[in-house]
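> Starting off with a structure, shown below.
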Amino acid sequence: MTIAPPAAALPAPEAATTGLAPLLLPPDLRLTPELFSRVCEANPEAVLELAADGQVITMTPTGGETGARNTLLCTRLQIWALERGGWKLFDSSTGFRLADGSVLSPDAAAVRLERWQALSPEQRRGFPPLCPDLVIELASASEDGPRGADALRRKMATYQANGAQLGWLLFPEQRAVEIWPGAQRLSNATRLEGGELLPGLVLQLEEIWTS
């Protein structure tokens with residue numbers, strides 16, 4: 001669901017959830033994480049994130065190639081996590097409530113199991129109040145929009161500022177990766193390793209690039 005031009009108020013919940021009307025948000029609207037959660041519940045088809053200043057960020061659904069790549073990426077991470085143990089994996093539908101008040105959804109994320117288990121059942125059901133240890137984002141072919149390079153670099157910086165230990169920003173069209181912190185760029189990348197943080201994790205990027 002896309003956000004329509006600025007309007008004075010939100011539509012009735014039944015209109016937003018049935019697809020009869022777009023989600024309307026005033027341009028100066030600022031939400032707390034709690035109110036943002038209610039907006040997401042009332043608009044399950046919308047793809048939304050929340051900036052630290054309370055501004056709602058509307059995301060567009062991914063295209064077919066990005067969706068296929070993300071599915072394969074999450075599958076490889078899950079296989080590693082099941083074999084290794086001690087980690088919890090999350091896909092792009094999971095929103096994490098960061099310490100700065102933002103609610104962001106990486107394309108893929110990994111959290112140490114002890115950190116996940118330390119959360120209450122209520123915290124696990126909502127937006128988990130933690131920043132993942134590993135965050136991965138897939139950039140779109142376009143430089144513009146919320147999935148473009150500039151927007152995703154800002155997200156990666158936000159993850160790092162909120163405690164992420166490692167971030168991989170993948171550029172399939174260029175077959176390149178930026179490793180955060182530091183935004184070290186690897187051109188013609190064919191392989192990524194988790195190192196000391198994620199022992200035994202190896203991503204063969206060629207299958208990601210061509211999927």
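> Please order Cys74, Cys131 by the number of other Cβ within 10 Å, starting at the fewest. Walk me through the numbers before you get to the answer.
Working: Cys74 18, Cys131 25.
Final ranking by Cβ density, sparse to dense: Cys74, Cys131.
> All other residues with a Cβ under 11 Å from the Cβ of Leu170 taken together, and with Lys, Arg as +1 and Asp, Glu as -1, what is their net charge? Mind showing how you got there, number by number?
Working: positive: Arg69, Arg175; negative: Asp107, Glu137, Glu173, Glu178.
In short, -2.
> Express in nm, to one decimal, how much length is gained between Leu197 and Asp53 on full extension, taking 0.36 nm for each residue of separation and deducting their alpha carbon distance. Write out the running numbers ahead of the final one.
Working: separation 144, 0.36 × 144 = 51.84 nm, distance 3.09 nm.
Answer, rounded to one decimal: 48.7 nm.
> Count the net charge of all other residues whose Cβ sits under 13 Å from the Cβ of Lys155, scoring Lys and Arg as +1 and Asp and Glu as -1. Walk me through the numbers before you get to the answer.
Working: positive: Arg147, Arg153, Arg154; negative: Glu49, Asp100, Asp107, Glu137, Asp150, Glu178.
So the environment of Lys155 carries a net charge of -3.
> While we're looking at this one, here's another question. Pulled fully out, how much extra length does the chain show between Leu119 and Asn188, if you take 0.36 nm times their separation in residues and subtract their Cα-Cα distance?
Details: separation 69, 0.36 × 69 = 24.84 nm, distance 3.94 nm.
Length difference between fully extended and current span is 20.9 nm.
> Also: Applying the Karplus parametrisation 6.51 cos²θ - 1.76 cosθ + 1.60 with θ = phi - 60° to the phi angles of segment 117-132, what ³J(HN,Hα) value in whole Hz is obtained for each residue in order, glycine and proline being reported as x?
Karplus values, whole Hz, x for Gly and Pro: 5, 6, 7, 6, x, 5, 5, 5, 6, x, 6, x, x, 7, 9, x.
> Still on this structure, please answer the following. Looking at segment 112-200, send over the antiparallel percent of its DSSP beta bridges, to the nearest 5. Before the final figure, lay out the partial values.
Values: 8 of 13 bridges.
Percent antiparallel among DSSP bridges in segment 112-200 is about 60.
> To continue, here is another question. Give, to the nearest whole percent, the P(r) tail of the chain beyond 24 angstrom, counting all Cα pairs. Let's see the in-between values first.
Values: 9524 of 22155 pairs.
Pairs farther apart than 24 Å: 43 percent.
> Another question about this same structure. Quick one: Ile79, Ile136, Ile57, fewest Cβ neighbours within 10 Å first, how do they rank? List each step's numbers first, then the result.
On the way: Ile79 12, Ile136 24, Ile57 17.
Listing Ile79, Ile136, Ile57 from fewest to most nearby Cβ atoms yields Ile79, Ile57, Ile136.
> Under 5 Å between amide hydrogens, which residues at least 5 positions from Trp87 or on another chain qualify, with H placed 1.01 Å from N in the peptide plane?
For Trp87, whose amide H was placed from the backbone, the distant partners under 5 Å are Leu113.
> If you don't mind, another one. Quick check on the exposure proxy: order Trp180, Trp87 from fewest to most C-beta atoms within 10 angstrom.
Values: Trp180 19, Trp87 22.
Arranged by neighbour count, lowest to highest, Trp180, Trp87 become Trp180, Trp87.
> Still on this structure, I have one more. Sort out for me the Cα centre separation of segment 113-192 from segment 44-68, rounded to whole Å.
14 Å
> Under 10 Å, Cα contacts only: if you run a Gaussian network model on the chain, which one of Pro146, Pro33, Pro199 comes out with the highest mean-square fluctuation?
Pro199
> From the helices alone, meaning DSSP H stretches of at least four residues, give me the mean residue ellipticity at 222 nm for the chain, per-run term -39500 (n - 2.57), in deg cm²/dmol to the nearest 500.
Computed ellipticity for the chain at 222 nm equals -9000 deg cm²/dmol.
> Among Pro132, Pro61, Pro106, whose mean-square fluctuation peaks in a Gaussian network model of the chain (Cα, cutoff 10 Å)?
Pro61
Readers should treat all values here as calculations from the given coordinates under stated rules, not as data from a laboratory. Quick caveat: nothing in here was measured; it's all calculated off a predicted structure. Note that each Cβ is placed from the backbone with ideal geometry, even for glycine, and that neighbours are counted across all protein chains shown.
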